[in-house]
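Q: Structure provided below as structure tokens; questions to follow.
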Amino acid sequence: MKNLLSIITLFALMIGFAPSVHAGNVGGSSDSFFMGNEAAIVGGAGLAITTDGGSAWVNPAGLALIPGDSLSLSASAFTVRRRAVNDIYSVELQIQDETPHTYSSDLDSTELMSVPSTIVRVWRIREGLGVGLGFFTPRSDVFSSRHNLDALEGAYENDFALFSDGTEVTQFMQRYQLGPSVGWTVTPEFRLGVSAHVLYQRELNTWRGIHMDSEGSSNFADYGNMAADNIAIEGQMGGVQLTAGFQWSLPGDIRLGAVVRSPVVQLYRKEDVDALNAFLFVEDSGSISFDFAPEKVQPSTGGVRILEPGRAHVGVAIPWKWGWFAIDGDVAPAFDDEENGVHFPLVWNVRAGARFKFGRNVRLGMGVFTDHSRYHPPTEFLQARMDFYGFTLGVQHLTRFQLSEAETSERLVLMTTLGFKYAVGPGQVMGEHVYPQAEDPEGVVEPELHDATFYETSLHIGTGILF
């Protein structure tokens, strides 16, 4: 089995230098979570009618209608992401004319996260003019995959093939956005809003593995190869994104809304690669060679370029005395950057939700949504393309305070939000089938596409203070 080095090299390159389209990606929208308390209980819908602190993200025009200063905080108290694929990694061994035998291992990842998704402070400058400063965590994911595979094929004591592989892949990604927003009333029926955000994104991919194989002897030391690797790749990106939107109240009390998000423009990127490799090879002659190679690859940097295409959202809402119903749609155009290897297909999504009032202080919400993948079909190991479909349920409770007995209206309103989200994502994940005995090094590793379904469950907790 002289192709072990080829296997290790190919595998490391696939894990380490593949684009950040991996089994950790959740759908295709700009958000891993719904930004804002109201959005969290209505499936992310309502850009034509939103008026809470989350408007700074959903549609900044809504800040114009906030009746006072406010502070909104929301978080994913816990998010469970379940990803499993059978036989994602397999090895085929054969002894002489015997029937080939396939050994395989599964992808099995269950991750629990807690993420502070939004903090928004809004100042009511005057009636019809609101200014906000928001901090958002629109994307966050952790993914791990462990594979332990021991393959042994043999008919006689001194005639067998062994392939042993123990690997652990971890991938972490988090994006933060921070910036001001303003919403103002142009006419009583028409409101405009804009936001300007700076972005910071950090990614960390690691791959650890130990592999060994032998063929043709009962003594591994006679004909054996072994390799151990530890590779870590850390990337950091800074950029900007602009958002503009409007809300328009039409006759008949129908609300229209639209938002345009600019492309994400990368201003800088830095990537560091650390690798530690150890190899032991036994040649046919019986000679043994050993190589221990710690290496820190020169950091790579990137300049200004479009990282992701822009996005357009449109929506309509119908308010009633007891609440409102809204439906939104969005589309992101196809985008290709051959020079930087960035490719996005055209993507569309739909969200619909309703909010109901029960008395003065209780509001119930429900919603459904799609989250189609932003990526082309996978081509590299552990890359995934999943289209998610889900629903939300939630409740908001308002607690009203008068700061003195002489006041005739509440000066302080505390809003508590509890929301539940569930999504199921069918799609495809790229696996690998390994032929350690292949004569051609390029035929050692073959991609193998697998159908899969991922699941996500989230509990949203949020609070808001209006004063």
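Values quoted throughout were computed directly from the atomic coordinates according to the rules given, and no laboratory measurement underlies them. Small disclaimer: the values here were computed from a predicted structure and weren't measured. Reconstructed Cβ throughout: ideal geometry from the backbone, glycine too, with neighbour counts over all protein chains shown.
Q: For segment 233-280 and segment 406-467, write down the distance between their C-alpha centroids in whole Å.
A: 17
Q: Another one. Hand me the tally of lysine pairs in the chain: alpha carbons under 30 angstrom apart, and the pair either on different chains or 8 or more positions apart.
A: On the way: LYS2/LYS296; LYS270/LYS296; LYS321/LYS357; LYS321/LYS421; LYS357/LYS421.
Total qualifying Lys-Lys pairs in the chain comes to 5.
Q: Would you order ASP387, ASP213, ASP451 from fewest to most other beta-carbon atoms within 10 Å of each residue's own beta-carbon?
A: Values: ASP387 16, ASP213 25, ASP451 10.
Result, fewest neighbours first: ASP451, ASP387, ASP213.
Q: Then there is this: Take every Cα pair under 8 Å in segment 337-388 that's 6+ residues apart, average their separations, divide by the length, and report that relative contact order as a whole percent. If you can, show how the numbers build up before the last one.
A: On the way: 62 pairs, mean separation 16.7, N = 52.
Here the relative contact order equals 32 percent.
Q: Next up: TRP322 to ASP336: extension gain in nm, 0.36 nm per residue of separation minus the Cα-Cα distance?
A: Taking TRP322 through ASP336 to full extension adds about 0.4 nm, to one decimal.
Q: Another one. What ranking do THR463, THR99, THR110 get, fewest neighbouring Cβ atoms within 10 angstrom at the top? Spell out each step's value before the answer.
A: Values: THR463 14, THR99 7, THR110 11.
Arranged by neighbour count, lowest to highest, THR463, THR99, THR110 become THR99, THR110, THR463.
Q: Please report the net charge: other residues with Cβ closer than 14 Å to the Cβ of ASP52, K and R +1, D and E -1.
A: My count for the surroundings of ASP52 gives +2.
Q: What distance in nm separates the two pseudo spin-label positions at ILE210 and THR110, each 7 Å out from Cα along the beta-carbon direction?
A: Computed distance between label sites ILE210 and THR110 equals 2.7 nm.
Q: R0 = 30 Å: FRET efficiency of GLU189 with HIS397, Cβ-based, nearest 0.05?
A: Computed FRET efficiency for GLU189 and HIS397: 0.45.
Q: If I take every Cα pair under 8 Å that is 6 or more residues apart in segment 347-467, average their sequence separation and divide by the length, what percent do I get for the relative contact order? Show your work: numbers first, answer last.
A: On the way: 276 pairs, mean separation 27.7, N = 121.
Relative CO of segment 347-467 lands at 23 percent.
Q: Sorted from fewest to most neighbouring beta carbons within 10 Å, what does the list ASP328, ASP291 look like? Don't skip to the end; give the middle numbers.
A: Working: ASP328 28, ASP291 11.
The order, fewest Cβ neighbours first, is ASP291, ASP328.
Q: Determine the sum of side-chain charges near TYR89: Lys and Arg each +1, Asp and Glu each -1, restricted to other residues whose C-beta is under 11 angstrom from that of TYR89. It would help to have the intermediate numbers written out before the result.
A: On the way: positive: ARG146; negative: ASP87, ASP106, ASP165, GLU432, GLU448.
Its environment carries a net charge of -4.
Q: Would you compute, from DSSP H runs of 4+ residues alone, the mean residue ellipticity of the chain at 222 nm, taking -39500 (n - 2.57) per run and dividing by the full residue count, rounded to the nearest 500?
A: Calculated from helices alone, the mean residue ellipticity at 222 nm is -1500 deg cm²/dmol.
Q: Within the chain, what's the longest stretch lacking GluC sites (Glu not before Pro) that sit in DSSP loops with no more than 11 other Cβ atoms inside 10 Å?
A: Values: sites that count: GLU127, GLU157, GLU283, GLU405, GLU407, GLU439.
That gives 1-126 as the longest site-free run.
Q: Once the Cβ-Cβ distance between VAL240 and PHE78 is put in as r, and R0 is 45 Å, what FRET efficiency do you end up with, to the nearest 0.05? Walk me through the numbers before you get to the answer.
A: Working: r = 31 Å, r/R0 = 0.70.
For R0 = 45 Å, the calculated efficiency reads 0.90.
Q: Additional query: Specify which labelled value, from [x] 20, 47, 28, 5, 0; [y] 25, 59, 16, 0; [z] 22, 45, 23, 9, 1, agrees with P(r) over Cα pairs in 20 Å bins from 0, in percent derived from the coordinates of the model shown.
A: [z]
Q: Further, regarding this structure: Given a cut-off of under 8 Å on Cα pairs at least six residues apart, what relative contact order in percent is computed for segment 4-466?
A: Working: 1445 pairs, mean separation 84.3, N = 463.
Over segment 4-466, the number comes to 18 percent.
Q: A follow-up question, please. Once both axes come from the Cα atoms, what is the angle between helix 4-17 and the longest principal axis of the chain, in degrees from 0 to 90, rounded to 10?
A: 10
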